[in-house]
Amino acid sequence: MAFKPQFIAKQNDKVTLASKDKSKLEKATAAELISLQEEQTYREGIVSLKDIIAPSAFNVESNFIQLGTTFCRTLFIMNYPRYISIGWSSPVIGLSVNMDISMFFYPIKAEIILKQLKNKVGALEAQISADAEKGAPRDPIRETALRDIEGLRDSLTQGTEHFFQFAFYVTIYTKNKEKLDQLSEDIESIFGGKLIMSRKVLYQAEQGFNSTLPLCNDELMISFNMNSSPIAASFPFISAELTSDNGILYGINRHNNSLILFDRFSMQNANMVVFATSGAGKSYAIKLEILRSMMMGLEVIVIDPEMEYKHLSDAVGGTYINISLSSESKVNPFDLPRPMEQDLSVDDIIRSAVITVKGLLRIMLGGITTEQDSVIDRALIETYAKKDIVSGVDLNTIEPPIMQDLQEVLEGMEGSNELVLKLKKYTEGTFSGLFNSPTNVEMKNQLVVYSVRDLEDELRPLAIYAIINYIWNTVRSERRKRILVIDEAWWLMQHEDSARFIFALVKRCRKYYLGVTTITQDVNDFLHSQYGQAIVTNSALQLLLRQSPAAVDNIQKVFMLTDSEKYLLLESAPGEGIFFAGLKHAAIKIVASYTEDQLVTTNPQQLLEIERAKQEFEKQTK
């Protein structure tokens, strides 16, 4: 068979074209390979995002994973009780630890669940009927299950409930294996206290870790059948509520804009501590509380070291007492309380007064030896006896001694020459106008303010000690609902005796219907004292406003704050912070009306404008 020449020529052309195309393809492929090799070589020398966030090592064990130097473990919930409360996961979420939490919801068609529930109802009814025929006692568990299933069937049929499979995983991160094991047990105990069964992953550590990454990938697939009502109770973001039916307004809850209304006398004690830097609004907040508490009928006593409460006292008709070396107002540290309780003997009152005055004398006289301490103890007893204050006397008719009486007693005792010499400074010397006179101040007013601004720094702790002792004697003599505000309490924390005295006052005041508010800006000095920490422990209310970077770490440790709460205190504006009431706490913003703001402000510029407006008004009225 012969081919035509034209056909043979066409076939040769096709072969030539195919060879050229193949050659071009090979060249393009070679060029592309070279380009890929060049790009690979380039990328090997740069850092990607994965390189930045990836751990240095990844070790998978049976029940935990080690990411570099960090240990992590996943826990899952496998069973729930019949009822769960709203915010059941909040105690775990509120822990001050690093953790990731994932929740997965798998909708289930209603017809599938209704069919299964129908079969379950039939089985339960058959078991209940069989027990009744046998004469066996009824089974409350089966009857309760039957009622629950019937109620769920009605809700699913009506469309008021939906059915899901719900998975809840928690991955925790720590720096060492021991802490990881302890934290795992703590979380299991918290869930166990709510009858929720949780378990640690076993041979699924990697799957558990992947399930809590923000990838929406459930590799554990451990879920629990649950309808929509209990699932709604699993909503994790629950803000703290500090609103009650009684009490005063402290501020606005910054979490949800609700009002923080609270009665401090409804707690186990009515004590309060306030920590803040200068200018953060601590005095402003307390003056607002004073003003609002007075509207509720409470009596308020204030120790004012900087004359900040004078304007408020004048506005509400309070008693303002200025304590200084040249002032006519005097407080005698030897005063005694009037016995209020039948079982409180005069001997106990005298013994307590001796201990209190001896603490004041230690601060006044500086360091004293053991022998001098014994001499002072005997001298104080004799000083009271000099005024016929002995066992069985009627304290309503006695006249307490003064510092001069103590000096006279010491002058007649052996080994007291040095003590007498030191004491003369307070009886005959420069400081004689402070403690060497009978008490002539009165506390018959709803607001009483003691000012110690005009005293030297050396005398301030002594004066505050004596004033608080007088207030404590008055409180014990007549039980009424009162608040005692000690501003700049760090003055008293400088000396062990005064710190111990304040701690004893805070610990015992609840019995006499008194709430003590201690305010300080020197947080470290206050908290480093063992008595300062004890005062915080015995205060049911705490208010933390803006803190300095030097003190915030100590604050975080004492109050067990999270890192976010720590930064909140560093960045808060004046009047913003965290309010603690027992086990609850919330971010607070302190607010005041215009009239309140004019009465309680401590802003010098604003006070100057108020004073000018007052002077202009007086000129116009003349």
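Here is how the numbers come out for the structure above:
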item	result
Pair list, Cβ under 7 Å, 6 or more apart: the stretch 316-335 residue in the same structural domain as Ser432 (by TED's automatic domain parsing) and without any contact (Cβ under 8 Å) to a residue 24 or more places away in the chain, other residue part of a loop (DSSP other than H, G, I, E, B) and not polar (S, T, N, Q)	none
Residue in the stretch 125-148 that is on the phi > 0 side of the Ramachandran plot and under 40 Å from the mean Cα position of the chain (by Cα) present	no
Index of the failed condition, Leu75 passing every other in (1) on the phi > 0 side of the Ramachandran plot; (2) under 44 Å from the mean Cα position of the chain (by Cα)	(1)
Selected residue (criterion: modelled with the highest pLDDT) from residues of the stretch 181-222 that are among the aromatic types (Phe, Trp, Tyr) and assigned to a helix (DSSP H, G or I)	Phe209
Scope the stretch 474-489; condition modelled with pLDDT under 85 and either within 23 Å of Ser266 (Cα to Cα) or surrounded by fewer than 23 Cβ atoms within 10 Å (Cβ to Cβ) (or both); matching residues	Arg476, Ser477, Glu478, Arg479, Glu488
Test: residue in the stretch 190-199 that is under 23 Å from Gly94 (Cβ atoms), surrounded by fewer than 15 Cβ atoms within 10 Å (Cβ to Cβ) and small (Gly, Ala, Ser)	yes
Of residues in the stretch 567-606 being β-branched (Val, Ile, Thr) and more than 17 Å from Asn256 (Cβ to Cβ), the one modelled with the highest pLDDT	Thr595
Among the residues listed as Ser228, Ser258, Ser234, Ser244, the single one being among the polar types (S, T, N, Q), surrounded by 14 or more Cβ atoms within 10 Å (Cβ to Cβ) and without any contact (Cβ under 8 Å) to a residue 60 or more places away in the chain	Ser258
Residue satisfying condition, being closer than 19 Å to Pro438 by Cα and of a type in the set (Asp, Glu), within set Glu371, Glu382	Glu382
Of the criteria (1) outside the structural domain of Gly532 (by TED's automatic domain parsing); (2) in contact (Cβ under 8 Å) with a residue 60 or more places away in the chain; (3) farther than 24 Å from Arg378 by Cα, which one Leu434 fails	(3)
Flag if Ser184 is touching a Lys or Arg at 6+ places or on another chain (Cβ under 8 Å), of a type in the set (Gly, Ala, Ser) and under 30 Å from Lys584 (Cα atoms)	yes
Every residue from the stretch 58-94 that is among the hydrophobic types (A, V, I, L, M, F, W, C) and either touching a Ser or Thr at 6+ places or on another chain (Cβ under 6 Å) or closer than 14 Å to Glu206 by Cα (or both)	Phe58, Val60, Phe64, Ile65, Leu67, Phe71, Cys72, Leu75, Phe76, Ile77
Where a residue in the stretch 110-132 is assigned by TED's automatic domain parsing to the domain that holds Glu143 and its partner, wherever it lies, is surrounded by 13 or more Cβ atoms within 10 Å (Cβ to Cβ) and aromatic (Phe, Trp, Tyr), with Cβ under 8 Å and at least six apart	Ala110/Phe163; Ile113/Phe163
Number of the condition not met by Ile172 [criteria: (1) in contact with a helix residue (DSSP H, G or I) (Cβ under 7 Å, 6 or more places away or on another chain); (2) part of a helix (DSSP H, G or I)]	(2)
Matching residues, the stretch 481-513, being in a helix (DSSP H, G or I) and of a type in the set (Lys, Arg)	Arg500, Lys507, Arg508, Arg510, Lys511
Qualifying strands (runs of 3 or more DSSP E) (wholly inside the stretch 517-609; at least 3 residues being farther than 18 Å from Lys287 by Cβ and either among the charged types (D, E, K, R) or under 16 Å from the mean Cα position of the chain (by Cα) (or both))	576-581, 584-589
Condition met for Ile286 (within 30 Å of Ile381 (Cβ to Cβ) and either in a helix (DSSP H, G or I) or in the same structural domain as Pro574 (by TED's automatic domain parsing) (or both))	no
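The values are calculated or read from the model by the stated rules, or taken from the named source; none is laboratory data. Keep in mind that what you see is a predicted model, and the values were worked out from it rather than measured. As a convention, Cβ positions derive from the backbone with ideal geometry for all residues, glycine included, and neighbour counts pool all protein chains shown.
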